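Here's the structure we're looking at; comments come further down.
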Amino acid sequence: MQFIPSEFLAINRKERLYIPFQDLDVRPAFERVCDFDEVLISFDEDRARLEAARCIHCPDPAPCVQACPVHNDIPSAMWLIEEGRYLDAAALYRQTSSMPEICSRVCPHEQLCQGSCVRNKEEEPVLTGMLETFVVDYERATKGVSVPTQPKNGHRVAIVGAGPAGLSCAEQLLQKGYEVTLFDTKPSPGGLLTYGIPNFKLSKEVVFARWEDLERAGAKFVGNTYIGKDKTIDDLFAEGFEAVFVGVGAEIDASMKVEGEDLPGVYKATEYLIRANVDPAILPSELQGKPQIGEKVVVVGGGDTASDCLRSSLRLGAKEVTCVYRRTENEMPGGRKDRKLAREEGAKYMFLTQPVRFIAGEDGRIAAVECVRMELGEPDSSGRRRPIPVEGSNFTIEADTVVLALGYWPDEIVGKTTPGLETHKWGLIVADEATGATTRPGVFAGGDDVTGPNLVVTAVAAGRRAAQGIDEYLRNKQKTQPSLAV
């Protein structure tokens, strides 16, 4: 519940409407394409307090709170920031979010809290995401961050996947006294936060700092371990873990299944972004070395991953970077903010364009992309208008490198190697939305491996709910176990 005094609102709400909007500050495009450092320029205290004062404190339930998957109490945080109580605001965010320093950077705010701000009716919304970043960064710089813990309760939980869902589940379980071990296929924790999202959107230092918070609270990490291949979930139970949370995401790149897709120089987005953005010291051995991209890069796809690939290509030195997408910009699933930044940096877009063949040059590498023009027909099952090829409209685009950013599929291996675990839709795990409980007793799941590709913040919310479900499951299990006679 908000705690802003009603008399303050009655006097000041109208005045707040006249505080002018100032857009986000970003580093100049000519400068930022030369490195992988974060693009947005942080608020200082004066800017933060002024921006927070633009909040008109809607009556409960505030639209911004309802639109946030973890239901951050944004109006109260705005009040605290306006008053200069930054640590209190940070503490408020941490009550509902396991990683506010990350969600505030990578959430598509224009689709969530900011998109629901009532100020959108007349002008620009309150920049809630940047204000969240400001206070949690202020907290870490001035006070430090720690995960509150309780004495160990003697119960052990295994977490499969050290991405946002797994880390959030761990953060909640540690606070309840559980011993938590996270297993991941990669050498370092973070999942897509480390190995997917580029540094210019989310600095690895931010991710590692949050992991260190969890590690100090007792979390253990076992890397380079593929659950389903190196060991199974049954093996984890045999090792003494009493519950398992599966948060492996959906990280199998979709393919186009067209001629030439396997040519040298044609990359799947995951490999491309990992090799482009991640420190070699924490790269898997098979992904060492920056991509050799040449001057002309074509990215296929319309989501946020496509924007990440476009902008990474420019930083790797490409001279001409083009995104091809089979619908119009209105149908693109990726965020408008990322596309705006990509255009500022030099990326170009070709809409209503569908690749149909990848063509090799004399050296056997990719040299060109054959495309066909598209037009939009009636809406398909997703509600978007179906793209239809225009007969006889084929043409080619020169390319030294092609990156396929077509979306992701779940990894089926956990379902196939875990007896009693029900899956559907090509490997997604069936789990209770409220508790994360699966059809296999003691196994819980959440995030993209349940919902399909979604947002970091929805994975965070799922991990937190599953932690509560695990806690209730183990407490109830302990109550029903017969005690030993003395």
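FYI, it's all coordinate maths here, none of it is from the lab. Predicted, not measured: the structure shown is a model, and the values here were computed from it. Methodologically, a virtual Cβ is constructed for each residue, glycine included, from the backbone with ideal geometry; neighbour enumeration extends over all protein chains shown.
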Starting from the Cα of Q175, step 7 Å toward the Cβ, then list every residue of region 139-158 with an amide N under 17 Å from that point. 140, 145-153
Using θ = phi - 60° and the Karplus relation 6.51 cos²θ - 1.76 cosθ + 1.60, list the HN-Hα couplings for region 410-425 in order, rounded to whole Hz, with x at every Gly or Pro. x, 8, 7, 5, 5, x, 6, 10, 10, x, x, 9, 7, 10, 7, 6
Net length gained if the chain between K220 and E286 were fully extended (0.36 nm per residue, minus Cα distance): 21.3 nm
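Whole-Å semi-axes of region 6-142's equivalent ellipsoid, largest first, each the root of 5 times a Cα gyration tensor eigenvalue?
That gives 24, 17, 15 Å for the three semi-axes.
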Once label points are set 7 Å from the Cα along Cα→Cβ at both R140 and E110, what is their separation, rounded to one decimal in nm? 2.5
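Pull out a ≥ b ≥ c, the square roots of the eigenvalues of the alpha-carbon gyration tensor of region 181-271, then state rounded if a/c is under 1.5, prolate if not and a/b is larger than b/c, and oblate in the remaining case.
Oblate is the answer for region 181-271, as a/c is 1.5 or above yet b/c matches or exceeds a/b.
Can you sort W409, W79 so the residue with the fewest Cβ neighbours within 10 Å comes first? Could the numbers behind the result be given before it?
Working: W409 18, W79 24.
The fewest-first ordering by Cβ neighbours comes to W409, W79.
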Please give, to one decimal in nm, the separation of the simple spin-label points placed at D44 and L87, each 7 Å out from Cα toward the Cβ. 2.3
Counting Lys +1, Arg +1, Asp -1, Glu -1, what net charge surrounds P291 among other residues with beta carbon under 10 Å of its beta carbon? +1
Would you please put 289-300, 44-55 in order of how densely packed they are, using the mean number of other Cβ atoms within 10 angstrom per residue and starting with the highest? 289-300, 44-55
HN-Hα couplings for region 438-449 via Karplus (6.51, -1.76, 1.60; θ = phi - 60°), in whole Hz with x for Gly/Pro, come out as 9, 6, 9, x, x, 10, 10, 8, x, x, 5, 6
Under 5 Å from the placed amide H of T423, counting only residues 5+ away or on other chains, we find V430
Whole angstrom only: what separates the Cα centroid of region 318-351 from the Cα centroid of region 57-83? 32
Using Cα centres only, tell me the gap between region 411-448 and region 106-161 in whole Å. 27
Near V414, within a Cβ-to-Cβ distance under 11 Å, what is the net charge of the other residues, with Lys and Arg +1 and Asp and Glu -1? 0
C-alpha center-to-center spacing [region 383-407, region 33-51] in angstrom: 36
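How charged is the neighbourhood of H155? Take every other residue with its Cβ under 12 Å from the Cβ of H155, and add Lys/Arg as +1 and Asp/Glu as -1.
Here the count lands on +2.
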Need one word for the chain: rounded, prolate or oblate. Basis is the Cα gyration tensor (sqrt eigenvalues a ≥ b ≥ c); a/c below 1.5 gives rounded, then a/b vs b/c decides. oblate
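Pulled fully out, how much extra length does the chain show between K121 and K477, if you take 0.36 nm times their separation in residues and subtract their Cα-Cα distance?
Full-extension gain reported as 123.0 nm.
Using DSSP to call loops (not H, G, I, E or B), can you name the trypsin sites (Lys or Arg not before Pro) in region 228-275 whose Cβ has at most 13 other Cβ atoms within 10 angstrom?
K229, K257
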